[in-house]
Amino acid sequence: MTEASSDNSWLGALLDWSVSLMDVVGPAGAGVAIALENLFPPLPSEVVLPMAGLAASSGSFTLFEALAWTTAGSIVGAFLLYALGAWLGVERLRRIAARVPLLHPEDIDRTVGWFERHGGKAVFFGRMIPIFRSLISIPAGVTRMSPWRFGALTAAGSLIWNTVFVLAGYFLGESWHVVEQYVDALQYVVIGVTALAVAWFVFVRTRALVATSRRPDPSPEPERESVSTRTD
């Protein structure tokens, strides 16, 4: 199979290792690589998945095996992060937030409330958004979303994402990088929006702290002298 990267960077070496894993253990290797991608987001699924499709097109294994194993790997990796979220729990996160500058325990409560209302959509669509496709499993665990529901939504979202890239490798062959360009653009958008949201949050909280520190403390009222009535 063609190597994923020819550069000498650690990421290129990691991708080449993923390809070698598929060569040795077949479609199960693709599943292992995608499970690791959930735990280690710098390992890009949009590169590993086309390699699985490319291997399927060359006859190393079938297209069905490529899709089945990569989706299974996505589910396994997602449940590992779900378990991390369940271990953290709401109360532990509230205690952590109370110690982190600019955060408040109420921020955790609001986030949990939002996820309890929209968690199903967040998990399903989150599996198709770079970066968040891995992280979305943690709040699902924190809120103790039903494991069956979480597994079904993760499988559905992952199957769509995986199918796009596996088929890109299967039908486009060595030209699968055309799809990667669009994903890179989407990833930059996600990073940019996230950075702006974080910057706005820090600005608002910092401004509130400064305003509070400049607010004069109410001066205590002077004690009134007691007037004693003397009777001669």
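The values are calculated or read from the model by the stated rules, or taken from the named source; none is laboratory data. Bear in mind that the values here come from a model prediction, so they are computed numbers and not experimental data. As a convention, Cβ positions derive from the backbone with ideal geometry for all residues, glycine included, and neighbour counts pool all protein chains shown.
Descriptive notes on the structure:
- Within the range 85-102, the residues that satisfy the criterion of being in contact (Cβ under 8 Å) with a residue 40 or more places away in the chain and of a type in the set (A, V, I, L, M) are Ala86, Leu88, Val90, Leu93, Leu102.
- Scanning the range 95-118 for residues that are surrounded by 14 or more Cβ atoms within 10 Å (Cβ to Cβ), more than 16 Å from Leu153 (Cβ to Cβ) and of a type outside the set (A, V, I, L, M) yields Pro105, Asp107, Asp109, Thr111.
Every residue, every condition in (1) part of a helix (DSSP H, G or I); (2) basic (Lys, Arg); (3) under 20 Å from the mean Cα position of the chain (by Cα); (4) at pLDDT 90 or above, yes or no:
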site: Pro139; (1), (2), (3), (4): yes, no, yes, yes
site: Arg144; (1), (2), (3), (4): no, yes, yes, yes
site: Leu153; (1), (2), (3), (4): yes, no, yes, yes
site: Tyr170; (1), (2), (3), (4): yes, no, no, no
site: Ser175; (1), (2), (3), (4): yes, no, no, no
site: Val183; (1), (2), (3), (4): yes, no, yes, no
site: Ile191; (1), (2), (3), (4): yes, no, yes, no
site: Ala195; (1), (2), (3), (4): yes, no, yes, no
site: Val204; (1), (2), (3), (4): yes, no, no, no
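- Yes/no for Ala56 being under 19 Å from Asp16 (Cβ atoms), touching a Phe, Trp or Tyr at 6+ places or on another chain (Cβ under 8 Å) and among the aliphatic types (A, V, I, L, M): yes
- Complete set of residues in the range 100-121 that are at pLDDT 85 or above, more than 14 Å from Gly89 (Cα to Cα) and not acidic (Asp, Glu): Arg110, Trp114, Arg117, His118, Gly119, Gly120, Lys121
- Boolean, Arg92 is out of contact with any Lys or Arg (no Cβ under 9 Å at 6 or more places or on another chain), surrounded by fewer than 16 Cβ atoms within 10 Å (Cβ to Cβ) and not in a helix (DSSP H, G or I): no
- Per the conditions (1) among the polar types (S, T, N, Q); (2) at pLDDT 70 or above; (3) farther than 24 Å from His104 by Cβ; (4) exposed (fewer than 14 other Cβ atoms within 10 Å of the Cβ), the sole criterion not satisfied by Thr212 is (3).
- Against the numbered list (1) out of contact with any Ser or Thr (no Cβ under 9 Å at 6 or more places or on another chain); (2) modelled with pLDDT under 85, Phe40 comes up short only at (1).
- Qualifying residue in the range 34-43 (condition: within 15 Å of Ala78 (Cβ to Cβ) and among the polar types (S, T, N, Q)): yes
- Number of residues in the range 119-137 that are over 23 Å from Trp69 (Cβ atoms) and crowded, with 18+ Cβ neighbours inside 10 Å equals 2.
- Lone unmet requirement of (1) touching a residue at least 12 places away in the same chain (Cβ under 8 Å); (2) farther than 26 Å from Pro44 by Cβ; (3) assigned to a helix (DSSP H, G or I) for Tyr82: (2)
- Residue ID - nearest to Ala155 (Cα to Cα), chosen from residues in the range 29-69 that are of a type in the set (Ser, Thr, Tyr) and assigned to a loop (DSSP other than H, G, I, E, B): Thr62
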